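Structure first, then comments.
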Amino acid sequence: MTELPLLRVRNLGKRFGQTLACDSVSFDLWPGEVLGVVGESGSGKTTLLNCLSAQLSPSAGTVEYLTRSDGLLDVHRLSEARQRLLMRTDWGVVHQNPRDGLRMGMSAGANVGERLMAVGARHYGDIRGEALSWLDKVEMDRGRIDDPPKVFSGGMQQRLQIARNLVSKPRLVFMDEPTGGLDVSVQARLLDLLRGLVSDLGLAVIVVTHDLGVARLLTHRLMVMQGGRVVEQGLTDQVLDDPQHPYSQLLVASILPV
Amino acid sequence: MNAAAIDAKVEAGYNFAYLDEQTKRMIRRTILKAVAVPGYQVPFGSREMPLPFGWGTGGIQVTAGIIGPDDTLKVIDQGADDTTNAVSIRAFFAKTAGVATTDHTGAASIIQTRHRVPETPLREGQVIVFQVPIPEPLRMLEPSEVETRKIHALEEYGVLQVSLYEDIARHGRIAWAYNYPVVVNERYVMSPSPIPKFDNPKLNRNPALQLYGAGREKRIYAVPPYTPVRSVDFEDHPFKIESWDQPCAICGSTASFLDEVITDDRGSRMYVCSDTDYCADRVAEPRSAADD
């Protein structure tokens, strides 16, 4: 088969002045694959994610995305118009803090419908119907459709953010600590939901997390980062059960036994 | 009219139409660009005028840029020719440009307006100048000017639709009543200035040239004659104009925009045309009901 990966990253690097935030990162991401990026705070995980999702332009290397019409294209060489179009159709970004990804003052329905309207939906009833069906999919009460996210709990805001991103049927979703700041039981339910959605929709996902439990549950493949470099990558179970690099070993050993 | 005759009519010490010639040229260049790109907000070097920002400095500058000695000027404020703002601006141009002024929509070659479009249909060759307080239609939805310009450039008007959605979800209908955004020539979203939405359909394919001036915000934009102008809406919640359940108490018109006037402190009220010229015209020579 001459299949191409959905995302091909080669020698990606990002400097902030003298600080090297991210150095020669290379990997391929295939459709339907969930890739986890783990590492301690300051290891360059979020910088990497921002470079991949074209929110930050890298100092070196390329990020190529398999577009629906034109094959693999370097994301950072696309026109801004095209980047922004990708951002609201083919891609989704789930932020750690729902405040960054939601319009807090607008109703849940408007939040979910925004992407549909951005690509030209002009029928109120259809948009609302779609928003309702997405509230069902993320297990939210239909009655909350006209409430603004600021009156929602953290877990519900995160669900809403997920619905808002998935409504445009993206192929690639970037998640930055999707369960950060949630209590354990809510986390578990959210992870369960995410796992279901990802497999149902065949999404490719890149999840940045410092929580190895999230990585274990959600991801197929894992990259361990330290000081801006990828020190180890492989299948999730393999990395977590048999870590090779000293830092990975330290990371796995640091999980608190309950 | 020769130069000496014009000078004789203009207040001594002032250039024709108050502004200096270089400024007027700059304004005309801006207007040309605005006409070439309908609905696009063109920046210009707005000047200090002898009245405060918000009182029509943008409209006055546009009028000063295009007015000639043979023009006839009409100025309205909320549809009326005899309100302070309208009277002052009309007097200003009578003094500094020596032009003829009129109350009759049909007799004017330039109509400067705040908050209304005259009820009498405009014709080819007329110019209507709008005073605009906030030229950016997305200002209340997106505070960043950098971002709104990008939205216009890339035609990403989703956010506007989102606020319409929000209106319907909350009120069951689109609640905007004035300054109702329009799409000009199926490209730029434009603020029609704070005219009631009742007047929006009049902007569509109007034979007159529409110029919009915002003095404080330093923007001029335009809608050339016969340009399609569409009010934003949803397919299943189409744009609708206001209607009243009674005719004008003075002229009996059922087709014009009515003001509600409180007549005493016991709750009595009457509805009258906001366009005073149109109303007075109809009283002077009553027309058949078919005209309504």
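The values are calculated or read from the model by the stated rules, or taken from the named source; none is laboratory data. Quick caveat: nothing in here was measured; it's all calculated off a predicted structure. Don't worry about glycine lacking a Cβ; one is built from the backbone with ideal geometry, like all the others, and counts go over all protein chains shown. Accessible surface is based on the protein model in full, side chains and every heavy atom, while ligands, DNA and RNA are left aside. Shrake-Rupley method; radii C 1.70, N 1.55, O 1.52, S 1.80 Å.
Under 28 Å Cα to Cα from B:Lys240, which lysines show up? Leave out anything in the same chain fewer than 8 places away. Result set, ordered by chain and number: B:Lys197, B:Lys202. Keeping the other protein chains in place, figure out the carbon and sulfur percent of the accessible area of segment A:1-101, with a 1.4 Å probe. Answer for segment A:1-101 is 46 percent, counting heavy atoms of protein chains only.
Electrostatic bookkeeping for A:Trp30 treats Lys and Arg as +1 and Asp and Glu as -1; over the other residues with beta carbon under 15 Å from its beta carbon, the sum is -1.
Take the Cα of A:Ser185, step 7 Å toward its Cβ, do the same at B:Asn2, and the gap between the two points is 9.7 nm.
In this entry, segment A:1-127 is assigned a mean projected area of 10.3 nm², taken as a quarter of its C-alpha convex hull surface. The H on the amide N of A:Gly92, modeled in the peptide plane, is under 5 Å from the matching H of A:Leu172, A:Val173, A:Phe174, each at least 5 residues off or on a different chain.
Take the accessible area of A alone and of B alone, subtract that of the pair with a 1.4 Å probe, and the total buried over both chains is about 1800 Å². Placing a label point 7 Å from the Cα of B:Val283 along the Cα-to-Cβ direction, the residues of segment B:223-255 whose backbone N falls under 15 Å from that point are B:248-253. Within the same chain, lysines fewer than 8 places from B:Lys95 are excluded, and of the rest, those with a Cα less than 26 Å from its Cα are B:Lys9, B:Lys24, B:Lys74, B:Lys218. Which value at 222 nm does chain B reach when only helices count, each DSSP H run of 4 or more adding -39,500 (n - 2.57), with the total divided by all residues and rounded to the nearest 500 deg cm²/dmol? Taken over chain B, the calculation gives -8500 deg cm²/dmol.
Please list, in order, the residues from segment A:25-67 whose amide nitrogen is less than 18 Å from a point placed 7 Å along the Cα→Cβ vector of A:Val252. Once the point is set 7 Å along Cα→Cβ of A:Val252, A:36-40 turn out to lie under 18 Å by backbone N, inside segment A:25-67. In segment A:187-258, the convex hull through the Cα atoms has an average projected area of 5.2 nm², a quarter of its surface area.
Using 0.36 nm per residue and subtracting the Cα-Cα separation, the extra length available between A:Thr62 and A:Thr89 on full extension is 7.6 nm. For segment B:1-105, the pair-distance distribution built from all alpha carbon pairs, in bins 5 Å wide starting at 0, is 2, 12, 21, 23, 20, 15, 6, 1 percent.
Ligands, DNA and RNA left out, the 1.4 Å accessible surface of chain B is 52% carbon and sulfur atoms.
Placing R0 at 45 angstrom, the Cβ-Cβ distance between A:Asp147 and A:Asp242 gives a FRET efficiency of 0.40 after rounding to 0.05.
For segment B:27-63, the residues whose backbone nitrogen is under 13 Å from a point 7 Å from the Cα of B:Asn15, taken along Cα to Cβ, are B:27-28, B:47-48. With a Förster radius of 30 Å applied to the C-beta separation of A:Glu139 and A:Arg82, the computed FRET efficiency comes to 0.30.
With bins 10 Å wide beginning at 0, the percent of Cα pairs of segment B:141-292 falling in each bin runs 9, 30, 33, 20, 8, 0. What the Cβ-Cβ distance of B:Asp236 and A:Leu4 gives, at R0 = 51 Å and to the nearest 0.05, is a FRET efficiency of 0.80.
With the simple spin-label model, which puts each label point 7 Å out from Cα in the Cβ direction, the B:Ala153 to B:Asn185 separation comes to 1.9 nm. The share of Cα pairs per 10 Å bin across the protein assembly as shown, counted from zero up to the longest distance, runs 3, 15, 21, 18, 15, 12, 9, 5, 2, 0 percent.
Each other residue within a Cβ distance under 10 Å of B:Ile195 adds +1 if Lys or Arg and -1 if Asp or Glu, for a net charge of +3.
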